[in-house]
Amino acid sequence: MSANRRLLDRSLAAVWHPCTQMQHHLAADGLPLIPVQSGEGVWLTDFDGRRYLDGVSSWWVNLFGHRNPRINAALRDQLETLEHVILAGFTHEPVVQLSERLSALTGGALGHAFYASDGASATEIALKMSHHYWRNTGQPEKTDFLCLEGSYHGETVGALAVTDVALFKDAYAPLIRPAAVLPSPDARLARDGETAADMARRAAAALEAHLQAHHGHIAALIVEPLIQCATGMAMHDPLYLSLARQACDRYGVHLICDEIAVGFGRSGTFFAHEQANIRPDFLCLSKGITGGYLPLSVVLTTDTVYEAFLDDAVTRGFLHSHSYTGNALACRAALATLDIFEQDGVIAANRQLSERLHQLLEPLRQHPRVRHYRRRGMILAFDVEGADASFSRRFYKAGLERELMLRPIGNTVYLMPPYVLSEDEARHLCQGTLATLEATLA
Ligand SMILES: *Cc1c(COP(=O)(O)O)cnc(C)c1O
């Protein structure tokens, strides 16, 4: 029996894999499970030497390739100094430096950093902090939240309250205290003759009407700036964010930007909200923050919010804690990631790389079944007309046969690769996507 087979059999026996109907792996002609022996750059390699280009950055976390020498070196150095320490009553250099540098990246507007270990927890922290701010400032009735159609903010019970993806939510609906769901500015929903900006205005008008009627009970609106990733890379005009910011200010409601997926250069700017020239009251970050190395998330907020919690009473302080908060190794990986952004001029280089991928996708864009081709920064996506219910799984399998790992969402195929593709790798990705599409539709 091959090493591949042995490891995947043990995995199927002992590991309950995420976002997976395990039965699909157990069927003889089912979904393949890939045992990865090693990673390097954009490649994942199994025990038989078969390789796969990581076209989804291992669930949107990897920025500078697997086994990146600079992040590895930083982590080795950190291991020799301090691996972890309790962050209540203690502090350490990596967490302080990371907080300072993230604050500087928001122009000092969001100068207070609260850490957790994953994206869903960052969402929950922002929701709790927003409500607790209003409670501390004499408006305890502000307990409701707003989210957008198709929103995804994580899958814990609290985060599901502001998530609008039926597949993840419906089974757990009885456990959830749902937020109000408002129209999405998704540019694909524009009517004939409407531009993406018109669509943004229409969605913002619905927000305005809702706020006008209900603002007295609303703590915050949570949005994924520019790209709602998990619902299928739904992209919207930055105008929506400026209009939402203005409306939230007018009605005394917080704006939470969930940049867990779109932060760290993914949208083409370091933070996506920069493209609308706004700042949120809360900014949630995770995924790319450690370059895809270690679990870490953070919520950044303003002086105004922070100061509303300062008091002698413990109960007016923010009551939230995770055991691994501000883990030193994770913070060090994040610092090494920020170093690469600075040293390599990543944002400018990505602009060219995105343009090159766009060129290479020219033949695919002409394909008669491709609809709503769209691109922002390092996310390129399109919908496939007439795709059936098994399309995404069949596409995934056909991609693996072409040394390509892509995981369509329904009928949306997207490319979200690490930022370190060579010319040959970019060709492999784009030509492979077209070949995979043709094979899946054949
Ligand atoms: C992935 C994601 C989350 C949840 O992050 P986890 O680390 O998976 O809990 C939240 N919001 C957005 C926009 C995401 O893409």
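The values are calculated or read from the model by the stated rules, or taken from the named source; none is laboratory data. Keep in mind that this is a model prediction, so the values were computed, not measured. As a convention, Cβ positions derive from the backbone with ideal geometry for all residues, glycine included, and neighbour counts pool all protein chains shown.
Condition check ((1) of a type in the set (S, T, N, Q); (2) within 28 Å of ALA187 (Cβ to Cβ); (3) within 15 Å of the ligand (Cβ to nearest atom); (4) outside any strand (DSSP E or B)) across all residues:
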site	(1), (2), (3), (4)
ASP249	no, yes, no, yes
ALA261	no, yes, yes, yes
THR269	yes, yes, no, yes
ARG279	no, yes, no, yes
LEU310	no, no, no, yes
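If you go through the range 173-201 and keep only what is touching a residue at least 60 places away in the same chain (Cβ under 8 Å) and surrounded by 20 or more Cβ atoms within 10 Å (Cβ to Cβ), you end up with just ALA187. The set of residues in the range 378-393 being more than 18 Å from SER58 (Cα to Cα) and crowded, with 17+ Cβ neighbours inside 10 Å consists of PHE382, ASP383, VAL384, ALA387, PHE391. Among the residues of the range 70-80, the one identified as out of contact with any Leu (no Cβ under 8 Å at 6 or more places or on another chain), over 15 Å from THR290 (Cα atoms) and in contact (Cβ under 8 Å) with a residue 12 or more places away in the chain is ASP77.
Just to be sure, is TYR373 under 26 Å from HIS428 (Cβ atoms) and assigned to a loop (DSSP other than H, G, I, E, B)?
no
For the range 218-239, what are the residues that are of a type in the set (A, V, I, L, M) and assigned to a strand (DSSP E or B)? The answer is ILE218, ALA219, ALA220, LEU221, ILE222, VAL223, ILE227, ALA234, MET235. Within the option set GLY345, GLY291, GLY326, being closer than 18 Å to THR269 by Cα and buried (at least 19 other Cβ atoms within 10 Å of the Cβ) holds for one residue only, GLY291.
Kindly establish whether SER99 is closer than 29 Å to ILE256 by Cβ and of a type outside the set (A, V, I, L, M, F, W, C). Judged against the criteria, SER99 is a match.
Of the residues ALA88, ALA113, ALA109, ALA73, the single one that is among the small types (Gly, Ala, Ser), modelled with pLDDT of 95 or more and under 19 Å from the mean Cα position of the chain (by Cα) is ALA113. Selection of the range 230-270 for residues being surrounded by 24 or more Cβ atoms within 10 Å (Cβ to Cβ), within 14 Å of the chain's Cα centre (by Cα) and not β-branched (Val, Ile, Thr) yields MET233, ALA234, CYS257, ASP258, GLU259, ALA261, GLY263, PHE264, ARG266, SER267. The single condition among (1) in contact with a Cys (Cβ under 7 Å, 6 or more places away or on another chain); (2) more than 13 Å from the ligand (Cβ to nearest atom); (3) of a type outside the set (Val, Ile, Thr); (4) within 19 Å of VAL223 (Cα to Cα) that LEU98 does not satisfy is (4).
To keep it simple, each residue is scored yes or no on (1) within 16 Å of the ligand (Cβ to nearest atom); (2) farther than 20 Å from GLN343 by Cα; (3) among the small types (Gly, Ala, Ser).
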position: THR45; (1), (2), (3): no, yes, no
position: TYR52; (1), (2), (3): no, yes, no
position: GLY55; (1), (2), (3): no, yes, yes
position: SER58; (1), (2), (3): yes, yes, yes
position: ARG67; (1), (2), (3): no, no, no
position: ILE71; (1), (2), (3): no, no, no
position: LEU75; (1), (2), (3): no, no, no
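More than 27 Å from GLY41 (Cα to Cα) and either buried (at least 19 other Cβ atoms within 10 Å of the Cβ) or of a type outside the set (Lys, Arg) (or both): which single residue out of VAL413, VAL370 fits that description?
VAL370 is the lone residue from the list that is more than 27 Å from GLY41 (Cα to Cα) and either buried (at least 19 other Cβ atoms within 10 Å of the Cβ) or of a type outside the set (Lys, Arg) (or both).
The residue that is nearest to ASP237 (Cα to Cα), among those in the range 281-308 that are within 16 Å of the ligand (Cβ to nearest atom) and of a type in the set (Phe, Trp, Tyr), is PHE282. Considering ALA348, ALA426, ALA442, the condition of being free of Cβ contacts under 8 Å to residues at least 24 places away in the same chain, more than 21 Å from ILE227 (Cα to Cα) and of a type in the set (A, V, I, L, M) is satisfied by ALA442 alone.
Restricting LEU160, LEU211 to residues that are touching a Phe, Trp or Tyr at 6+ places or on another chain (Cβ under 7 Å) and without any contact (Cβ under 8 Å) to a residue 24 or more places away in the chain narrows the list to LEU160.
Scanning the range 81-100 for residues that are farther than 16 Å from GLY288 by Cα and in contact with a Leu (Cβ under 8 Å, 6 or more places away or on another chain) yields a total of 6.
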